[in-house]
Structures are given as C-alpha cells and as structure tokens.
Amino acid sequence: MKVGLYDDPVFLEHDSGAGHPERPERLAALRDGLRREGLEARLERLAPRDATREELLRVHTPPHVAAVAATAGRTHRFDPDTQAGPHSYAAALKAAGAVTDAVDRVLDGRLDRALCLVRPPGHHAEADRAMGFCLFNNVAVAAAHALARGLARVSVIDFDVHHGNGTQHMFESDPRVLYVSSHAFPFYPGTGALREVGVGGGRGFTVNLPLPGGMGDGEYARVYRDVVEPIGRAFDAELVLVSAGFDAFGGDPLAPMALTARGYSELAAVCLATAAGAARGRVVFALEGGYDLRGLATSGAAVTRVLLGDPPVKVAPTGKPLDPLIAEYRRTFAPFWPALAG
C-alpha cells in the first residue's frame, strides 16, 4: 500500500494568535504519534505545492482570495477566532495545494491513498470569507479539482466534531458531490441541522448527522455502520475525501464528545469501505480540527494504520439506546437513499 504523507515546515509558521488552540504543536504531536508507532517509515513523505489561483477560484470568490493574499507579511484578524499571521497565506496556499496534489497523485495511480497534515484547516471557510480558524477550504478545493478532471462522483466525509458549513454550502446544489457530516449539534457554527439535505438538484446529497454531546466509540460506530456506509456505498464515489477532525476525542478542550483512538480506527475503516467500489480504494484524508495533543497523537496513528492497510480495531456498535436517533436519520434520508429503508 503506497500512502503519501504531506507535510511542510511552513505549516508550523501559520500564526493563529497567542494562546490559540489551533497551534503548531498539533502537527508535532501527530508526527510524534506516527513515529512512536513505527508508521512514519511506511509512508512516502511528499512536499506540497501551492494551490493555483485557478484552483482556489473554483470554490472561492476573487475578493476572498485577494483578502487572504493581502495578509502576506503582516497579521490580520478576520474574526474573533480566525487570524492570519505573516506566513499564513503561504501556509494556506500549501494546505490547499497539498490536498489537491494528493488528488492528482491518487487519480494518476502514483499513490493509493494520502494523508495531508496541513494547517490552517479548511472546512469552515466559506466561498467569500474566512472563519472558524480556516482561510481556504482545502478539501473543497480538492473536490472541485477532481470534478474538473472529469470525475462524476466525489464524496466528502467530515468527521470533525464541528459542522463543515463551508464545504456544505459550496456543494449543496451539486449532485456530483456527496457531503456527509457527523457533528455535535447544536454547536459551533450553528449549521448542519438534520433538515439541511441540499438544495435543488443537490437535494439528498447533503447528509447531516447531528449528534448530542457525550457520544463515544460505540455510538459513532453505529451511526457510521448503519447510515454513513450504506449511503456511501450507494453513491459509489470515484474518489473519497475525508475532512479528518480529531476534536471528537474525549477530553478535547473545544468539544463535548468521547471518542478514543479505537473509535477513530472504526471511522477510518468505514470511510475506506465507502471507497470499495468505483473509487477502487482511492481516499485522501486531510487534517481539520483536534486540539488535545494526546488525542491527536493516538487517534492520528490509529487512522494512519487503517490507511496503510492494517486491520482496524473492532468496535461494538451501541444498540437500543441509539435506536431513536438512527430511526430519525432513516426517516430523513430513506427517500433519497433506499438502502436505508430496510
């Protein structure tokens, strides 16, 4: 299994501000976790390229791209949570470029899969503004690039604990992109209600799975095996992109969930299961959130093992306590996805 690892020193130079939870130590923790588990040597380390203006403009407006570019060499705060430092534009270009280059290499057969350890994250960035620690929407740029290369079906699975409002809004009317998000709700950014199922011809291709706080490995395993996997297999994407947020880890300072590394292994296994058809196992994971350093190290290593083809850790799905929630999901999505009707 040839799995690429995208990393670059410039990601450490992105400055979110003093005391900000989205800090360079996150990447150091992830890399340390891979080294301790003996996984780094099994990965092909790759230097990311810059995303091009054309690639960015497939999902972002020209004024937004210009606004981020204007931060080069200085510090600018976009909102109370989102800051760019002197090197943040350079990091943001390479973050979007890493995921896009990974798509090219996977589609061309030069890689089987890829893991992009990037900063700043992306899934909150809207077409016309930065928000939620995110400057450019890395996974959305990559998904649009895959479509531009001629793919007819791309899925984005987002297991960050926060809803990926930017990714949803960019593709909610496009039936070529299946967007699936499991997230705490109600919670930042306030989007991602169950009723948000897409717009126009994209109805049914936005799958929001809002979760109450306190969900752990068994609950996530049930949601992913009973809902995400059947829908993903039915859509049969030609490429699967994963917004890999590790902030549902128990103890994360910004989230109310209780996942462990075992649970993340299960999530990664389901993501790969949805890529078993037309995608031929082609998946690209891109880092989003995750602010507990131990959680990043252990969960990142667990996901990487699955990407490398090691057997996932088995998790027993939660049974009857989750039945009402699963039934609600089925009632909402079975009209679009008959695989859930049973």
Where a residue in the range 186-197 is assigned to a loop (DSSP other than H, G, I, E, B) and its partner, wherever it lies, is modelled with pLDDT of 95 or more and of a type in the set (Val, Ile, Thr), with Cβ under 8 Å and at least six apart
Phe187/Val161; Leu194/Thr332; Arg195/Thr332; Glu196/Thr206; Val197/Thr206; Val197/Val207; Val197/Thr332
For the range 45-98, give me each residue that is out of contact with any helix residue (DSSP H, G or I) (no Cβ under 6 Å at 6 or more places or on another chain), over 20 Å from Val139 (Cα atoms) and without any contact (Cβ under 8 Å) to a residue 24 or more places away in the chain.
Ala70, Gly73, Arg74, His76, Pro80
Counting only residues that are closer than 15 Å to Ala140 by Cβ and buried (at least 23 other Cβ atoms within 10 Å of the Cβ), how many does the range 176-192 have?
5
Is at least one residue of the range 137-156 without any contact (Cβ under 8 Å) to a residue 60 or more places away in the chain, under 15 Å from the mean Cα position of the chain (by Cα), under 28 Å from Ser16 (Cβ atoms) and surrounded by 24 or more Cβ atoms within 10 Å (Cβ to Cβ)?
no
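Which of the residues that make up the range 98-143 are part of a loop (DSSP other than H, G, I, E, B) and polar (S, T, N, Q)?
First pass over the range 98-143, keeping only residues part of a loop (DSSP other than H, G, I, E, B): 108-112, 117-125, 127-128, 130, 132-133, 135-137.
Within the range 98-143, just Asn137 meets the criteria.
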Within the bounds of the range 313-325, is there any residue that is among the hydroxyl-bearing types (Ser, Thr, Tyr) and within 21 Å of the chain's Cα centre (by Cα)?
no
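The values are calculated or read from the model by the stated rules, or taken from the named source; none is laboratory data. Keep in mind it's a predicted model, so treat the numbers as computed, not measured. Cβ coordinates were reconstructed from backbone atoms using ideal geometry, including for glycine residues, and neighbour counts include every protein chain displayed.
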